[in-house]
Each structure stands twice: as C-alpha cells, then as structure tokens.
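Structure first, commentary second.
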Amino acid sequence: MGLEERFAGQHIDGDKTDQPWTISVHAFSDLTYISPVVFIYLLKECYIHGTCKATRKFRALQQQVHQVLCNSPQPGPATFVIRCLYVLPIFGLYSEGFSHLIISSLRRYLKAAATSTDSSEAKEIATRLILEIVGGSVDHDEKIVVKILEVFDLNLIDIEKSISQLKAQNDYRFDTAKTFIEQYIFALIESQSYMTAVSLLEHFSIRQSGESFLLKMIENKQFKAAEKWATFMGKPMLCLVVQEYADRNMLKNAYDTIKKNNLQQDFPDVYHKCKESSLKQLAEKACWDVAEAKTKGDKQLLEYLVYLAMEAGYSEKVDELCDRYSLEGFLKPREPEAGIPQSRFLHLKELVEEDLTWVDEVDSLHNATCHIEGCKVVGVDCEWKPNYEKGSKPNKVSIMQIASDKKVFILDLIKLYKDVPDVLDNCLTHILQSPGILKLGYNFQCDMKQLAHSYGELDCFKHYEMLLDIQNVFKEPRGGLSGLAKKILGAGLNKTRRNSNWELRPLSPNQLEYAALDAAVLIHIFRHVRDHSQPTNVSEGHDKFEWKSYIVSHMDKSKKSKKGSTIKKRGDDGI
C-alpha cells in the first residue's frame, strides 16, 4: 500500500473543506532533492498517523525504508542513512526507535546488494559520527554505537584515520584509536553496561580484560554477557564460567553452557548432576515420559529415574522402567514403621460406593446418561495426552470423567466420537446444558475450551449451564486440586500419573483410578463447602450459600452471576 493510500481519510483539524491529507509517494521514490531531515520527518508522520500496533508499524516502515534504499538515494544508500543518523537526535523520543529502524533496513539492503558504491564515504562519515557520539556532541544510545560499528564495518584503522585528521586540526585529545575505544569501554563497564562493553571488546578484538571481569559480570547476574565474553576468549574462560555456575548451584546455566560448547568430557560430573536435576524437575511435574526420553538410554540416568519413581510412590512406573531396560537389583519400598505418621493419598473406595464404569459404546453411554440425569450434583473432569513440542497443537481430549456420590463413569471420547458422534452429542448436551444438574469442576472452563477445540462439530461443548468451578470458591488455592483435597479432606491425590499417555487403550488400573478420583473428590469437597458455608450466627434474612454466586453458565462465562440468581430457578432441594 502506498503512502497516499495510508493517509487517505486523515484530516487536518479545522479544515472545513474536509480534504484528505496525503504525502506524495514521489517524495519516497525519488530522494534526489529530499534531505535526511525531511525524510525522517515524513517517517515520523507515517508513524504518528498509523493505526496499527507499534510492532506492525515498525515492520511496515522498515519495509518502506528498504524500498527507499533500493531507489538509490543520493549520494548513496549507506551515506544517506548515516546522514539521517546525524540528524535523528533532534527528533527527541523518536530518535532511538527510528535509529534502529533505518540501521536494520540498511543491514537488510546490504545483505542483498552485491556492492555499495558509497561505502568509503559512508565509512568516513560513520567514523566521525562515532567520535562525536562518544565525545558527547551528538546524543545516541550506546546500542546504536555498536550497530553503527557493525553495519559500517568500522575498525581501529578507520577510527585512527579520523583521529589523525582531527589532530591535524588541533581538535582531538586522544593519542590512539585503541586508547579512545578502551576508555569508552571502561566507562561502559563502570556503568554496568556489560553486554555493550563485551560487544565492543569482541568487535575490536581487545582481549586485555580477563578473569576478574568475567567474575564481575557473573556476580552482577549478567550471565549472557559473561557467556558471550567467555566464548570470545576461548575454552579456558568457558570452563571458568561452567565452574562458577556449578559452585553457585546454577545447574541449568552450567548444563546449557556445557552442551552449547561441547564440554561434556571436561565436566562429566557436573554434566551428569545437571541431567539428574533436570530429571528431578520433570518427575516433580509428573512428566515421566519426557524424563525417560531425556535419559537417551543412559543406564545411570535410568536408574536415577527409577529411584525418583520409587520416591513418588509410582510403583507401576518402577516396574515399567525395570522391565523395559532390564534394570535389576532395586529393592521394594520399605513398609512404613509403626508409630510414624505417613502422608497418604485418597483412594477411590473411600469416595464412591461402587466401582467405576468404562463407557465406550452406545448402551453403556445411555445407561450412564440416565444415571447422571437423576443426580442433582456431579463432578466433571477430563484428560488428554500431554504434548511437549513447543508451538504444536494440543492433543484431543481423550476421556471425560463424570462422578456422582455413588458411581464414576469414564467416557472414551475418542472412540465414542468416532463410532456414534450424534449419540455422544445428544447425551452430553442433556448433561452439560441441563439447568437441573449442578456440575462441579476444577478449572473446568479451561477444559471446556479444550473440549470445544477437540470436537468442534459437536454442539454439547459449545455451551454449559450450572457450572460451579471449585477453584474459584477458594481465594488462594495452593497445590491445585490435590492440595485443596488435603486441606479439606485430610489427604491429597497422587498426581504422579497426570501427564501419562491418556490415549493408551486399555488404560492401566492406576490411570483409571487417578482419573476417577479427580471427578469424585469434587463431590466431597463440595459437601464441605455446602455444609460449612452458613455460620451459626447468621440470621434467616441473610444469604446462606456464598458459593452460589460462583455458579456460571454459557450466558455469563466472563463474570460471576448475581448472588443466588441462577440457583433460585431450582430452589434449594437436595443441594
């Protein structure tokens, strides 16, 4: 889109003729008679009157400047850009952003151009600009200094030549270019601008600073600058960085540096410790499959993972790993000693009277629906296979668990959707959109979005009525649903299986119990909320049930409904 089109519809205040204000495209296509200051002014007007977000405006203007440079501005693209940089400080708060804009555009232009006819002239002006920025007569950010040096490929010889010219005019105090650069870098270090200082040291191949400089950056938590400096200095400095990270127990930083620079053989113990730390973090998040993949078959790491599984009480994962990799010699977990209190997890038999029911065909689906429609309160949850690839689409929801106070039904959504989508849609519509059934969930609005994304053709997941999200009732829930269960019921949930493969068929008994518990425990937590939500000193005229204000439906997903307004439709029977 040309600039005339961009500015169509923009009007000057007070213009009774109501004529659109336009900027001629000619001003950008032919820069023969356009000075740098006018060019920057036009860019500023484009930016001010643009209607899109700042990032998009920057990219659009960057493309525009690139096209300008391709139109051969006089006396040449590089010279034109450096002259723009000279005048940019007068534009105040636009100076820094526009400086980055035109430098990045020139960098892009130079990558595509075979040669630059004005490179020598541009270099000379750029060198003089650097001297004036450092001398304080031209105001530019230090990052611009680095970019000018890089884009115009300025070295100590170029700076020395410019200094010599100034000396001949009795207009400069530095003896050499190296002295000039070193003093500027020293000032940057004093102001803790470590990354800029390192960039300049690397650009000019100055290696005088050593270990103390590196340690100073690490102490000031400038890790990227320290690693950049160590990479420039070579392997001894990189080894020092790794050792410092290890001594400070910064194992992830140590691991990344070791791996990036192929230092595994130099730090075998540290590298192994880092790997173990990574496995432990994954185990704490119940990402067992990812942790197993990260071992890459290393026996020592696999044995460590087995110990982590034993520690978590994940006995089936212990057996699975030992069988798959022929690991032997592991002792069974010790029986708890008498008299010593042990933390325990809830079991399904404590929460429901009957066994759970697996639902994967029409008859069992109808039976489950009939039972659930006869209930006033049910707990609902769902599971899907985790996806650990960054940026990839999440997997389809695999199962949905619906619990009453007597039974838990686990619906195989993948199979039911494949075999009888219409029946599934009808049954779940009767449940999820029924104003007569209070559905309890834990962050279930998020689950509903995932369900709608997984099964977009079904109407049942597009709306819901009478949903009470238990998470919202408690102001500061800690430890998730398991932590809430422990606080309310005295025992938590074993979450070691939450990130298992929920697309396996059949699911293991432990997976089934885990899934069923997540729905069943909601019923028991709700009973506590209901039974303890009316203090003994509350009079009859006051609202009794504070939790009712958290009930939501498809009509008011984004905000709480008025206190008691939704529940009054049904009265208080049995809830």
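The values are calculated or read from the model by the stated rules, or taken from the named source; none is laboratory data. Predicted, not measured: the structure shown is a model, and the values here were computed from it. Positions of Cβ are backbone-derived with ideal geometry, glycine not excepted, and every protein chain shown enters the neighbour counts. Just the protein is used for accessible areas: all its heavy atoms, side chains included, with ligands, DNA and RNA removed. Shrake-Rupley method; radii C 1.70, N 1.55, O 1.52, S 1.80 Å.
To the nearest 20 debye, what charge dipole does the range 448-498 have about its Cα centre, counting +1 at the Cβ of each Lys and Arg and -1 at the Cβ of each Asp and Glu?
480
Per atom type, the range 84-218 shows carbon and sulfur on 49% of its accessible surface, probed at 1.4 Å. In this Cβ point-charge picture (+1 for Lys and Arg, -1 for Asp and Glu), the range 220-259 has a dipole of about 120 debye about its Cα centre.
Normalised per residue, the accessible area of the range 218-313 is 55 Å², obtained with a 1.4 Å probe and no contribution from ligands, DNA or RNA. In this structure, the amide hydrogen of THR357, modeled 1.01 Å from its nitrogen in the peptide plane, lies closer than 5 angstrom to those of VAL408, PHE409, ILE410, counting only residues at least 5 positions away or on a different chain.
Of MET466, MET310, which has the most accessible area and how do the rest follow, probe 1.4 Å?
Solvent-accessible surface, decreasing: MET310, MET466.
Considering only VAL423, TRP384, PRO435, and ranking their Cα positions along the charge dipole of the range 383-439 that arises from unit charges at the beta-carbon of Lys, Arg, Asp and Glu, the one farthest toward the positive end is TRP384.
Each of PHE232, PHE152, THR196 was placed along the dipole of the range 109-233 (beta-carbon charges, centred on the mean Cα), and the one lying farthest toward the positive end is PHE232. Only the Cβ atoms of Lys and Arg (+1) and of Asp and Glu (-1) were treated as charged; on that basis the dipole of the range 31-163 about its Cα centre amounts to roughly 660 debye.
Note on the range 339-470: with neighbouring protein chains present and a 1.4 Å probe, carbon and sulfur make up 50 percent of its accessible heavy-atom surface.
Accessible area per residue for the range 413-468 is 40 Å², calculated with a 1.4 Å probe on protein heavy atoms, without ligands, DNA or RNA.
Per-residue Karplus couplings for the range 514-527, computed as 6.51 cos²θ - 1.76 cosθ + 1.60 with θ equal to phi - 60°, are listed in order as 4, 5, 5, 4, 4, 8, 5, 5, 4, 4, 6, 5, 4, 4 Hz, Gly and Pro entered as x. Summary of the geometry: the range 499-528 and the range 417-468, compared by the centres of their Cα atoms, lie 18 Å apart. Our coupling estimate for the range 237-253, obtained by passing each phi through the Karplus curve with A = 6.51, B = -1.76, C = 1.60 and θ = phi - 60°, is 5, 4, 4, 5, 4, 4, 5, 4, 4, 5, 5, 8, 6, 8, 5, 5, 4 Hz, Gly and Pro reported as x. For GLU354, the accessible area of its heavy atoms, probed at 1.4 Å with every protein chain present, is near 80 square angstrom. Highest average first, the peptides 124-130, 153-159 ordered by how many other beta carbon atoms sit within 10 Å of their residues are 124-130, 153-159. Note on LYS449: accessible area is roughly 150 Å² with a 1.4 Å probe, heavy atoms of protein only.
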